[in-house]
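A.B. asks: Sending over a structure as structure tokens; questions will come in a sec.
Just so it is clear, none of the values below were taken in a lab; they were calculated from the coordinates. On a predicted model such as this, the values are computed, not experimentally measured, just so you know. So basically every Cβ, Gly included, is an ideal-geometry build from the backbone, and we count neighbours across all protein chains shown.
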Amino acid sequence: MKITLNTAEKQGKISKYIYGQFAEHLGRCIYGGIYVEDGDIPNVNGMRCDVINALKELHIPVLRWPGGCFADDYHWRDGIGEKESRPYMVNTNWGGVVENNHFGTHEFFELCEQLGAEPYICGNVGSGTVREMRDWVEYMTFGGDSPLANERRKNGREEPWKLKFFGVGNENWGCGGNMRAEYYADEYRRYAVFIRDYGDEPIYKIAGGPNEDDAYWTETLMKIIGDKAAAISLHNYTYETDWKNKGRAADFTEKGYYDTMANSMRMDSVIALHKEIMDRYDPEGKIDLVVDEWGNWFDVEAGTNPGFLYQQNTMRDAMSAVLILHIFHKHRDRVKMANIAQMVNVLQAMVLTEGEKMVLTPTYHVFRMMKGHMDGEVLDISYDTETIEHGGAKIPKVSVSASEKDGEVTLSLCNVSLEDGEDIEISLDRRFKEAVGEVLTSPSMTDCNTFDAPSTVEPKALDVSLDGESVKLTLPKMSAAVITLK
Ligand code: AHR
């Protein structure tokens, strides 16, 4: 297959926030996965050193918290002050377990600082009040003399935190209050007024957007909310078949593999659907689309709490992550942030933990390999790929995306075929001194990293030959690769 790379033509920036993460009070994402209080797991202020060190490699740009459905049941005051006096609650959304509120606002900002990630907080519209939300924002971001800012100081934080991203509710069409689109849109208008800008930068308010292809929700928000939001969100998960037949994460057939690839590609049409509506109401593109929940959602692993959404992560997940990240690159004019669900131990996670053990997942590896795209300028590329016809869907055999930042070109490629590799020749329009390649592949589509065999799926160096005017490489079957040209 031939690819023509035209580095002279820059086609717009890939927002770094597309590589964002999401951490909810759900299962073992926060407690045990990120934050530990007892035992011998090395930590700094409760944050697991192994997990933080691994995640730092991803250069996570933004982290969404505390939910998810949990956000609309969360009362921030329960999560500040002396830990022993924080009230506990029942996490009714996720397994009915006791939430002791020991991980709260201060701990979240500490986590973001350790990761070097910007915070994105999702407020409570479903069961919280306007006052509660306005007070939380003042508590976090006001630098002057006020009872709330002084309470923050008393709790150990002198300076206000920098907070740019704030979500006004989560899935308010469902777990966030079962609202009609019109009702939520009016509620949004009211809540948003009281989210004041205390810092130097205005808060970027994100309205709770549609699920999947719910065009009516988007249209209603665009009509009623208009430019009172910086962005609207979109949630679009991928299942093997559908919500009722999610499939198993690490035990699936070739059909299940290709079904998942075909369903991953649906992200393209779902974004296009919402973009068309947004373009009609906002032709200048002032309002962004933030895909703040996406990823593969399979059945929980046998013997685990069904409310904890714990699933393994295989080569299939890595392949679908690359396809979807490329779709976000394609829609870079509207899609300015995306947050994969979720960072640790939940759904399509970056890392899995069990007690003091930790493994990196195949999805982790592609996020690390592709980080050169963050804030890169998309480059013009042309190529013709075969398509794989599967159950009425057409899946591109090879997907490619290229971007440039600080004179370095990042080219990511994936070959979803379970049958054939692909010889690739990339013709270049300028000279590079060096081409470095890395590839993630494995003999079986169900290969994954386990606590007993943590290095089954790992990236390796890829042979790449650079002869001045072209780069040649072979992309193995079922593989993801990143080439860096310097
Ligand atoms: O990510 C898991 C859940 O999926 C989130 O809490 C919710 O917003 C969505 O339905």
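A.B. asks: Listing F451, F108 from the residue with the fewest other Cβ atoms within 10 Å to the one with the most, what is the order?
C.D. replies: Ranked by crowding around the Cβ, least crowded first: F451, F108.
A.B. asks: While we're on this one: Could you give the alpha-carbon Rg of region 242-320 over 2.2 N^0.38 Å, rounded to two decimals?
C.D. replies: Normalised Rg, Cα atoms only: 1.40.
A.B. asks: Under Stokes-Einstein, with the Kirkwood radius over Cα pairs standing in for Rh, what whole-number D in µm²/s applies to region 346-455 at 10 °C and 1.306 mPa s?
C.D. replies: Working: Rh = 16.7 Å.
The Stokes-Einstein estimate is 95 µm²/s.
A.B. asks: In whole Hz and in residue order, list the ³J(HN,Hα) couplings for region 413-423 that follow from phi through the Karplus curve 6.51 cos²θ - 1.76 cosθ + 1.60, θ = phi - 60°; x for Gly and Pro.
C.D. replies: 9, 9, 10, 7, 4, 8, 9, 10, x, 8, 7
A.B. asks: Still on this structure, please answer the following. If region 167-231 were replaced by its equivalent ellipsoid, with semi-axes equal to the square roots of 5 times the Cα gyration tensor eigenvalues, what would those be, largest first, whole Å?
C.D. replies: Output for region 167-231: semi-axes of 21, 12, 10 Å.
A.B. asks: Follow-up question, since we're still on this one. Filter the GluC sites (Glu not before Pro) in region 395-428 down to the DSSP loop ones having no more than 11 other Cβ atoms within 10 Å, then list what survives.
C.D. replies: Hits after loop and neighbour filter: E419.
A.B. asks: Gap in Å between the Cα centre of region 302-373 and the Cα centre of region 253-272?
C.D. replies: The distance from the Cα centre of region 253-272 to that of region 302-373 comes to 16 Å.
A.B. asks: Give me the orientation-averaged projected area of the Cα convex hull of region 68-197, in nm², one decimal.
C.D. replies: 8.1 nm²
A.B. asks: Continuing with this model, one more query. If you build the convex hull over the alpha carbons only and average its shadow over all orientations, what do you get for the chain? Give it in nm² to one decimal.
C.D. replies: 22.1 nm²
A.B. asks: Hey, another quick one. Within region 1-94, which GluC sites (Glu not before Pro) sit in a loop by DSSP and count at most 11 neighbouring Cβ atoms inside 10 Å?
C.D. replies: Filter output for region 1-94: E82.
A.B. asks: Where both partners of a DSSP beta bridge lie in region 232-370, what percent of those bridges are antiparallel, to the nearest 5? Can you show the working numbers first?
C.D. replies: Values: 5 of 16 bridges.
About 30 percent, rounded to the nearest 5.
A.B. asks: For K397, list the lysines whose Cα falls under 23 Å from its own Cα; do not include residues on the same chain fewer than 8 positions away.
C.D. replies: Partners within reach: K2, K255, K330, K371, K460, K472, K477.
A.B. asks: What's the Cα-based Rg to Rh of region 304-369, Rh via Kirkwood?
C.D. replies: Radius of gyration relative to Kirkwood radius: 1.03.
A.B. asks: Moving to a separate point now. Taking amide H atoms as placed 1.01 Å from N in the peptide plane, list the residues 5 or more away in sequence, or in a different chain, whose amide H sits under 5 Å from that of T238.
C.D. replies: When sequence neighbours closer than 5 places are left aside, the close amide H contacts are G295, N296, W297.
A.B. asks: Need one word for region 238-380: rounded, prolate or oblate. Basis is the Cα gyration tensor (sqrt eigenvalues a ≥ b ≥ c); a/c below 1.5 gives rounded, then a/b vs b/c decides. Intermediate results must be reported in sequence, preceding the final value.
C.D. replies: Details: a/c = 2.02, a/b = 1.63, b/c = 1.24.
Prolate, because a/c is 1.5 or more and a/b exceeds b/c.
A.B. asks: Just to check I understand the Karplus step: with θ = phi - 60° and J = 6.51 cos²θ - 1.76 cosθ + 1.60, what whole-Hz values come out for region 15-26, glycine and proline as x?
C.D. replies: For region 15-26, the Karplus-derived couplings read 4, 4, 5, 4, 9, x, 10, 9, 9, 10, 6, 8 Hz, x marking Gly and Pro.
A.B. asks: Another one. Determine, for each peptide in 163-176, 437-450, the mean count of other beta carbons within 10 angstrom over its residues, then list the peptides with the highest first.
C.D. replies: 163-176, 437-450
A.B. asks: Now for a different question. For a quick protection proxy, order the peptides 257-266, 371-380 by their average other-Cβ count within 10 Å, most packed first.
C.D. replies: Ranked by mean Cβ neighbours within 10 Å, highest first: 257-266, 371-380.
A.B. asks: For region 176-297, compute Rg over Rh where Rg is the Cα radius of gyration and Rh is the Kirkwood radius from the inverse mean 1/r over Cα pairs. Mind dumping the intermediate values first?
C.D. replies: Numbers: Rg = 16.9 Å, Rh = 15.9 Å.
Ratio of gyration radius to Kirkwood radius: 1.06.
A.B. asks: Quick check on region 88-136: take the gyration tensor over C-alpha atoms, sort the square-rooted eigenvalues as a ≥ b ≥ c, and tell me if it's rounded (a/c under 1.5), prolate or oblate.
C.D. replies: Taking the square roots of the gyration eigenvalues as a ≥ b ≥ c, region 88-136 is oblate.
A.B. asks: How much net charge surrounds A250 when only the other residues with a Cβ under 14 Å from the Cβ of A250 are counted, with Lys and Arg +1 and Asp and Glu -1?
C.D. replies: Computed value for this residue: -4.
A.B. asks: What is the calculated FRET efficiency for Y281 to R196, with r their C-beta to C-beta distance and R₀ = 22 Å, to the nearest 0.05?
C.D. replies: Efficiency, rounded to the nearest 0.05: 0.25.
A.B. asks: Let me ask something additional. What order do you get for I426, I203 when you list them from fewest to most C-beta neighbours inside 10 Å?
C.D. replies: I203, I426
A.B. asks: Right, next: Looking at the chain, do any whole DSSP H helices span at least 30 angstrom along their long axis by alpha carbon and average 0.5 or above on Kyte-Doolittle, and which?
C.D. replies: In the chain, no H run is both long and hydrophobic enough.
A.B. asks: Counting only residues 5 or more places away or on other chains, whose amide H sits under 5 Å from the amide H of C122 once H atoms are built in the peptide plane?
C.D. replies: Residues meeting the criterion, in which the H sits 1.01 Å from N, are W65, G67, G167.
A.B. asks: Could the peptides 339-349, 206-216 be put in order, highest first, of the mean number of other beta-carbon atoms found within 10 Å of their residues?
C.D. replies: So the order, starting with the most tightly packed, is 339-349, 206-216.
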